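Every number in this text was worked out from the coordinates using simple rules, so none of it is lab data. No experiment lies behind these values; they were computed from the predicted model shown. Glycine gets a Cβ as well: all are built from the backbone with ideal geometry, and neighbour counts include every protein chain shown.
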Amino acid sequence: MTETPTAAATDRALLEVRDLRRSFQVRRAGGLFGRPATLHAVDGVSFDLRPGRTLGLVGESGCGKTTTARLVLGVLSPTGGRVEFEGQPVPAPGTAAWRALRRRMQMVFQDPLGALDRRISVGHQVMEPLAIHGIAAGAARRSRALELLDAVGLGASFFQRYPHELSGGQRQRIVLARALILEPSLLVCDEPISALDVSIQAQVINLLLDLQARFDLAYLFISHDLKVVRQISHEVAVMYLGRIVEQGDPDRLLVDPAHPYTQALVSAIPVAAAARRRPRLILKGDPPNPVDRPGGCAFHPRCPAATARCAIDTPRLKPLPDGRLVACHVAHGEAEGPRLAA
Ligand code: SF4
């Protein structure tokens with residue numbers, strides 16, 4: 001694998017996502033006899049990701065993070081918008097062009113044991129992608145696998161071992177070695193550490209940071225854990241019901257969140273009472289069913305700052321003076337009408 005010790009990020013986007021949309025036809029409660037409805041899982045998402053950088057995607061489960069990841073990888077086709085990788089549109093899933101492109105975009109899942117085959121030795125699983133893509137052979141494959149095991153902090157002694165003999169952290173290192181053997185430039189990491197013990201989580205985050213610097217990798221890092229996302233991301237996008245509601249520098253976003261939903265997520269991070277900068281903000285209710293997304297700002301039924309305008313006028317994602325993007329009338333000083341009771 002070609003190392004890039006300086007890991008300098010270039011200005012050109014590796015990944016360009018514009019107005020990405022994906023809806024599904026579903027039935028409301030009642031199963032086969034329920035009324036048909038449209039679920040907008042991803043609704044107008046745009047972002048850029050440059051080489052060697054990390055974009056953290058956060059939000060409650062069901063907000064569209066994983067669907068966005070699947071659209072980026074081309075596993076799902078969008079119903080609108082576009083995804084470009086290295087300046088080219090992502091080809092239709094299943095085509096030869098898509099399979100070739102997938103070498104450059106790899107996925108790391110939450111459950112490393114589920115991603116590995118318990119009956120096959122670690123070494124053979126790490127080499128497997130080379131066999132699938134017809135790259136190298138025999139001793140050359142083995143040598144590449146050993147190189148990758150070393151890169152993820154596991155020695156040659158792991159080559160003959162089996163997944164069930166390893167800890168959760170070691171398994172996730174194997175998954176990373178297998179993903180990296182094809183020399184990707186993008187890793188899509190979907191909750192890659194949430195199944196691990198807290199002590200192991202820090203080790204895997206440090207490993208991801210080392211690998212990024214060494215191989216100039218870009219990460220699309222999906223998590224519900226804002227603290228973890230802050231550690232690893234150069235930029236963070238907060239999603240709510242299929243849309244990005246706030247996007248920008250992780251430190252600014254976590255220290256001084258502008259969108260009331262981000263404020264609630266930050267407020268839920270456990271900290272000592274003395275260190276808390278704002279009173280704890282507890283949201284009322286669960287996120288609405290995406291099939292019945294509220295009109296206006298979709299967050300307004302739960303938002304403590306909502307005004308009459310919020311119930312009828314959807315806020316656009318646009319920049320604040322400090323450069324971050326926020327979709328909120330109040331954050332932009334454009335609230336109108338009486339305050340609604342959340
Ligand atoms: Fe709350 Fe209104 Fe801002 Fe939406 S637009 S987040 S409802 S204040």
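Observations on the structure shown:
- Nonlocal amide H pairs with residue 306, under 5 Å, H built at 1.01 Å: 340
- Shape call, the range 125-222: gyration tensor on alpha carbons, a/c limit 1.5: oblate
- Charges were assigned to the Cβ only: +1 to each Lys and Arg, -1 to each Asp and Glu. The resulting dipole of the range 136-267 about its Cα centre is roughly 500 debye.
- Note on residue 37 and residue 119: with the Förster distance fixed at 41 Å, the Cβ-Cβ geometry gives a FRET efficiency of about 0.45.
- Taking a ≥ b ≥ c as the square roots of the eigenvalues of the Cα gyration tensor, the range 71-132 is prolate, since a/c reaches 1.5 or more and a/b is larger than b/c.
- Ordering of 174-181, 227-234, 74-81 by burial proxy (mean other Cβ atoms within 10 Å per residue, highest first): 174-181, 227-234, 74-81
- Percentage relative contact order, the range 102-191, counting C-alpha pairs under 8 Å, at least six apart: 52
- Cα-centre dipole for the range 259-342 with unit charges at Cβ (Lys and Arg positive, Asp and Glu negative), debye to 20: 300
- Taking amide H as placed 1.01 Å from N in the peptide plane, the amide H of residue 54 sits under 5 Å from that of 219, 234, 235, each at least 5 places away or on another chain.
- Over the chain, dividing the summed -39,500 (n - 2.57) contributions of all DSSP H runs of at least 4 residues by the number of residues returns a 222 nm mean residue ellipticity of -8000 deg cm²/dmol.
- Length-normalised contact order for the range 166-308 - Cα pairs under 8 Å, 6+ apart - percent: 15
- Shape call, the chain: gyration tensor on alpha carbons, a/c limit 1.5: prolate
- Cβ crowding within 10 Å averaged over residues, with 47-57, 237-247 ranked highest first: 237-247, 47-57
- Contact order normalised by residue count of the chain, Cα under 8 Å, 6+ apart, percent: 19
- Computed from Cα atoms, the angle from the helix 168-180 axis to the main principal axis of the chain rounds to 80 degrees.
- Alpha-carbon centroid distance for the pair the range 172-231 / the range 115-149, whole angstrom: 20
- Folded to 0 to 90 degrees: helix 138-151 orientation relative to the chain principal axis, Cα: 50
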